[in-house]
1. Roughly how far apart, in whole Å, are the Cα centres of the stretch 77-119 and the stretch 124-168?
2. Compute the length gained on full extension between residue 97 and residue 70: take 0.36 nm times their separation in residues and subtract their Cα-Cα distance, giving the result in nm to one decimal.
3. From the square roots a ≥ b ≥ c of the eigenvalues of the alpha-carbon gyration tensor of the stretch 68-201, which class results: rounded (a/c under 1.5), prolate (a/b over b/c), or oblate?
4. Can you give me the solvent accessible area of residue 59 with a 1.4 Å probe, rounded to the nearest 10 Å²?
5. How long is the gain from residue 202 to residue 108 if the chain were fully straight, where each residue apart is worth 0.36 nm and the alpha carbon distance is subtracted?
Amino acid sequence: MRARIAIALAAVLASAACGNKVEDVTAEPTTAASTPSATESLPASTATTAAYDDTALLEALVTLATAPSAEAASALPFAAQVRLGLGPDLVATRPRDRLASFGGWDVDLEAFRGHVGPFNALGRLAAHADGDDSLTRFTTTIGEHPHCASPPAPAPAGLADHRHISLQPTDDSIDGCLEWFTVDLFLDDSGTIDTVTFDIWEP
């Protein structure tokens, strides 16, 4: 008799346990449905992101410098009109298609920081790359950077809100600041390059 009671009690407990499990499983979808998804919880400001990867952009610029062509230039999101600058000063504007050749990068200024012109950012990149279209001989930076051994030089006026990426020689690829230079790209909110500046060290 006692054995029958024990078996009946065990069956009741097992049934109750199974019932609890069923309730737990059916409760899970309700909990998940009430939790906002990651996409829904993102702030609206994250919707505007650069259309191009920074490293890929700089690699594309070195590729353009080592072998200028319309195809190489098309890998860079140049604006229809691109401003060219020397240091903080914007000194020329060029149509996008002219930037596919070295001549389109010439800035015919007699002198800049103690050097005699003309100045050509793409030509300087090509000379330093020495036939290597990778970033091996370059330092890549995002935002402001030192002007060789000096503090950062100011960006051109009106570009404070732009995405700012740049290339400089690696320390072991030059003998000192007289060989140092920087080529800086400035991108607007849509990821378009509307300004490129070139700077060097003043003797």
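The values are calculated or read from the model by the stated rules, or taken from the named source; none is laboratory data. Remember, predicted model here, so these are calculated numbers, not experimental data. Side chains included, ligands, DNA and RNA excluded: accessible areas come from the protein's heavy atoms. Shrake-Rupley method; radii C 1.70, N 1.55, O 1.52, S 1.80 Å.
1. 15
2. That works out to 9.0 nm of additional length.
3. rounded
4. We get 80 Å² for residue 59.
5. In short, 32.0 nm is gained.
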